[in-house]
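Q: This is the structure I want to talk about, given as structure tokens.
All of the numbers you see were taken from the coordinates with simple rules; none came from a lab. Nothing here was measured: the structure is a model prediction, and the numbers come from that model. Please note: Cβ atoms are built from the backbone with ideal geometry, for glycine as well, and neighbour counts cover all protein chains shown.
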Amino acid sequence: MPNIKRIGVLTGGGDSPGINAAIRAIVRRAHAAGIEVIGFRDGWRGPIEDDAQPLTLSDVSGILHVGGTILGTSRTNPFEKDKATGEWKPTPKVDRILGTFNRRRLDALIPIGGDDTLGVAHRLAKHGVKAVGIPQTIDNDVEGTDYAIGFHSALAVVTDALDKLHTTAHAHHRVLIVEVMGRDAGWIAILGGLAGGADVILAPEEPFSVDEVAEAISRRLEGGKRFSIVVVAEGARAKELDGQQVVQGKVDAFGHVQLGGIGYWLANRLEERGLPLTPRVTVLAYLQRGGVATPFDRLLATRFGAAAVEFALAGKFDVMTGLQGHDVIAVPLAQVLAGCPKPVSPEFLKLAREMGVR
């Protein structure tokens, strides 16, 4: 059993409600075990630049319900991809991280984030960094866990938006297209669309055609429904674009191109087909990440935070906390990364089709 005296914590990638609940749980569980906690600011930039702060019980008091992250976040990547092999290679930033860990005498690290943040933790394991990851992403596309922190809260935002947009769509006889997040997996689009009663749901898992969407709206018109709600994930792929995603051209440190605009592209194509209903677009964007966490996310984050400390105390490293059924288990990060991005299950895809246009 390792002698754990000092643990580092950081939050990377996109933020979401529930992160602070996880930080709070880490500090409280660590304090109970006599462990000091060091919080690194702005994701992996923190240990690279040794920018950190102690996290005490008073520091995490009152943050359970607060959205975002008190530590800040970024998409900093201490590795770079080899263009010839496609493999991740360490940069000098890795040595700076190792130097920070040695100076601060850290025995373990708990990174909170999605597959990019967790991927860095896994690659650092080869350099001696002992990490226990916590999955946090509203996209819910991390393999090895039924749910990631933030997804349930984002789902609540999408559902509430669809409830409100239904009244305007009905009153003005329009096709309202709601663009939601979801780069490679349509968890938000599919489950949010189902919960909010969308008439058409478009996700990255199944390429769509504009004609199919237009036909679905026309069928509703024939049935006396003079409005439609279409939910489309930002990463949805149109057959008319040869299955390519609509991009904005910017690429982040992990090689991800910035997506956005599929909603407006679809609206323009529907107008070209002369539908009698005017299409309008709502892009929920960062609203899906904001606000307070739902009770489910607060509980999930609390369980994950406490479990991460427990796993470290038990000597379980290069793993991630994962919710499988009712249990929180340690999932090897190699297994997690091999399965990312986790697609929406066929059951939900089938249900979305069955609950669609009538």
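Q: List, in order, the whole-Hz ³J(HN,Hα) value for each residue of region 188-193 obtained from phi through the Karplus relation with A = 6.51, B = -1.76, C = 1.60 and θ = phi - 60°; use x for Gly and Pro.
A: Result, ordered by residue: 5, 5, 5, 6, x, x Hz.
Q: Anyone know which of 119, 315, 86 comes out most mobile in the 10 Å Cα GNM of the chain?
A: Top of the fluctuation ranking is 86.
Q: Taking the Cα centre of the chain as the origin and placing charges on Cβ (Lys, Arg +1; Asp, Glu -1), which of 127, 101, 167 is farthest toward the positive end of the dipole?
A: Farthest towards the positive end: 101.
Q: Separate question: Can you tell me the Rg and Dmax of region 152-290, counting just the alpha carbons, in angstroms?
A: 14.4, 49
Q: Taking the C-alpha atoms of the chain, how large are the radius of gyration and the largest Cα-Cα span, Dmax, in Å?
A: According to the Cα coordinates of the chain, Rg and Dmax are 21.7, 71 Å.
Q: Out of 30, 293, 216, any idea which swings most in a Gaussian network model of the chain, alpha carbons joined below 10 Å?
A: 216
Q: Amide H neighbours of residue 253 under 5 Å, counting only residues 5+ apart in sequence or on other chains, H built in-plane at 1.01 Å?
A: It is none; the list stays empty.
Q: For region 178-187, in order, what is each residue's ³J(HN,Hα) by Karplus, 6.51 cos²θ - 1.76 cosθ + 1.60 with θ = phi - 60°, in whole Hz (x at glycine and Pro)?
A: Result, ordered by residue: 10, 8, 10, 6, x, 6, 10, 9, x, 4 Hz.
Q: Would you calculate the separation in nanometres between label points at residue 286 and residue 209, each defined as 7 Å from the Cα along the Cα-to-beta-carbon direction?
A: Reported label-point gap for residue 286 and residue 209 is 3.9 nm.
Q: Taking the convex hull of the Cα atoms, report for region 130-192 its projected area averaged over all directions, in nm².
A: On the way: hull surface 19.5 nm².
Result: a mean projected hull area of 4.9 nm².
Q: Under a 5 Å amide H to amide H cut-off, with H placed in plane at 1.01 Å, what residues pair with residue 174 once short-range neighbours are removed?
A: 228
Q: Rg and Dmax of region 1-112 over Cα atoms: what are they, in angstrom?
A: 14.9, 49
Q: Only four residue types carry charge here, +1 at the Cβ of Lys and Arg and -1 at the Cβ of Asp and Glu. Report the dipole size of the chain about the Cα centre in Debye, rounded to the nearest 20.
A: 740 debye
Q: Taking H placed 1.01 Å from N in the peptide plane, check which residues at least 5 places from residue 130 or on another chain put their amide H under 5 Å from its amide H.
A: Long-range HN contacts for residue 130: 109.
Q: What number, rounded to the nearest 500 deg cm²/dmol, is the helix-based mean residue ellipticity at 222 nm of the chain, given -39500 (n - 2.57) per DSSP H run of at least four residues and division by all its residues?
A: Per the formula, -11500 deg cm²/dmol.
Q: Springs between alpha-carbon pairs under 10 angstrom, Gaussian network model over the chain: which of 78, 204, 295 fluctuates most?
A: Of the options given, 295 has the highest mean-square fluctuation.
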